[in-house]
Amino acid sequence: MDNRSDKTCDLQPATCSDSNQPDTADDSSDPIKKLDIPSLSDKMFSRFSEFVQKELGIKMPEAKKIMLQARLQKRLRKTGITTFEDYYNYVFSPRGREAELASMIDAVTTNKTDFFREPQHFDYLFYTVLPELASRKLRVVPCSQAEIAVSQAQAVSSLSSNTASELRVIPLKVWSAGCASGEEAYTLAMVMSEFAEHYPGFDFSILATDISTSALKKGALGIYNHERIEPIPMPMRKKYLLRSKDQSKELVRIIPELRAAVRFQRLNLMDKLFPIRNTMDIIFFRNVLIYFDRPTQESVLNRICQHLDPDGYMFLGHSETLSGLDVPLIPIITAVYKKSL
Ligand SMILES: C[S@@+](CC[C@H](N)C(=O)[O-])C[C@H]1O[C@@H](n2cnc3c(N)ncnc32)[C@H](O)[C@@H]1O
């Protein structure tokens, strides 16, 4: 997904709507629309919920029936289909798989997120994790053979003797898994850019993945309503955000340098193998586990941990707990873990 095009913010407002924010799913106020679509029968609920649970890992107990009905009703209206049964048959037909399945998945996922959500994590990242990882990855690179990285021990001794060398940090690799519309990934990019200002040679790249294509598109665009940027400290807003040229639009866009540091990619955490070659130094996997049942939590976390460096850090949501799960993680502080060897 290309997020590098650099139009400023005079885009159509529709492109930037917050349609991926928590779905209040309240179309019931429209009596005419309400008449159009029948309610979701128990039989159709179990067919849809089975798909959602099996393919996306998301729990869909009976208690969520009204929510699922409301979310799917929007898709029925959009496609002009009048019964859930017809919609189901369409979604899983060869044509529907191409044309509608992704939108159905968008509708059933909850993409609630924020910039600087659970802010203690970003303080811990800045003051503890980044200094530790950066110094561990510090290398002296001879200027003549920039690609040859020598060990830190060699680095220290050659520092005093070899002036034709420069300090570099092997780029940190960070993964925002279940990134929704990108606010978490861009928060990471801002914090790491701040760190880079104090740590010469520091570099990073961020992979941001999600199952929801509409959320990913929004992330890749990097355009947000002005009200969404409230949690971003003012100095960072000035540095990392561009205002819309058209003042009436109240939109901001992440600066190109930050957008270029984040790569958005569709990835289903339920897949047995993830198309990720590198191991990550830091994984933010926050507020996704809560949607999964315990066996799914365990298997997804174990797969994600395979992509975490032995010295790497895993950040979970504050309301997520690992108790009773057999996963290779040891707690460090609240909702922050390191890989256990
Ligand atoms: C509540 S958001 C969390 C966003 C962000 N991590 C945060 O903490 O603010 C949960 C995200 O998980 C994604 N998700 C749910 N099931 C998934 C799956 N099977 N594979 C990939 N992403 C999934 C949803 O699409 C949604 O965007």
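A short reminder: the numbers here are calculations on the coordinates, not readings from a lab. Note that the coordinates shown come from a computational prediction; the quantities given were computed from them, not determined experimentally. A quick note on method: Cβ atoms are made from the backbone with ideal geometry, for glycine too, and the neighbour counts reach across all protein chains shown.
For this structure, a couple of remarks:
- Positive dipole terminus of the range 120-339, leading residue within VAL140, THR209, TYR224 (C-beta point charges): TYR224
- The range 120-339 - Debye-derived log10 I(q)/I(0), Cα point model, q = 0.10, 0.17 Å⁻¹: -0.50, -1.23
- Once the Cα-Cα distance is subtracted from the 0.36 nm per residue extended length, the GLU257 to ASP311 segment shows a gain of 16.6 nm.
- The residue among VAL252, TYR186, ASN268 whose Cα reaches farthest toward the positive pole of the charge dipole of the range 120-339, with charges on the beta-carbon of Lys, Arg, Asp and Glu, is VAL252.
- For the range 36-54 versus the range 215-266, the gap between their alpha-carbon centres in whole angstrom: 37
- Net charge in the neighbourhood of ARG136 (other residues with Cβ under 12 Å of its Cβ; Lys, Arg +1, Asp, Glu -1) is -2.
- Cα-based shape type of the range 201-241, given that a ≥ b ≥ c are square roots of the gyration tensor eigenvalues and the cut on a/c is 1.5: oblate
- Counting Lys and Arg as +1 and Asp and Glu as -1 over every other residue whose Cβ lies under 12 Å from the Cβ of SER176, the net charge comes to +1.
- Protection-proxy order for peptides 283-289, 194-200, 179-185, 299-305, each taking the mean of Cβ atoms within 10 Å per residue, highest first: 179-185, 283-289, 299-305, 194-200
- Dipole magnitude for the range 120-339: computed about the Cα centre from +1 point charges on Lys and Arg Cβ and -1 point charges on Asp and Glu Cβ, it is near 520 debye.
- With a cut-off of 12 Å between beta carbons, the residues surrounding ILE229 carry a summed charge of 0, where Lys and Arg count +1 and Asp and Glu -1.
- 30 Å Cα-Cα reach of LYS272 towards lysines, excluding residues that sit fewer than 8 places from it in its own chain: LYS43, LYS54, LYS59, LYS64, LYS65, LYS112, LYS173, LYS217, LYS218, LYS338, LYS339
- Maximal additional length on extending the GLN265-LEU242 stretch stands at 5.9 nm, based on 0.36 nm per residue less the C-alpha distance.
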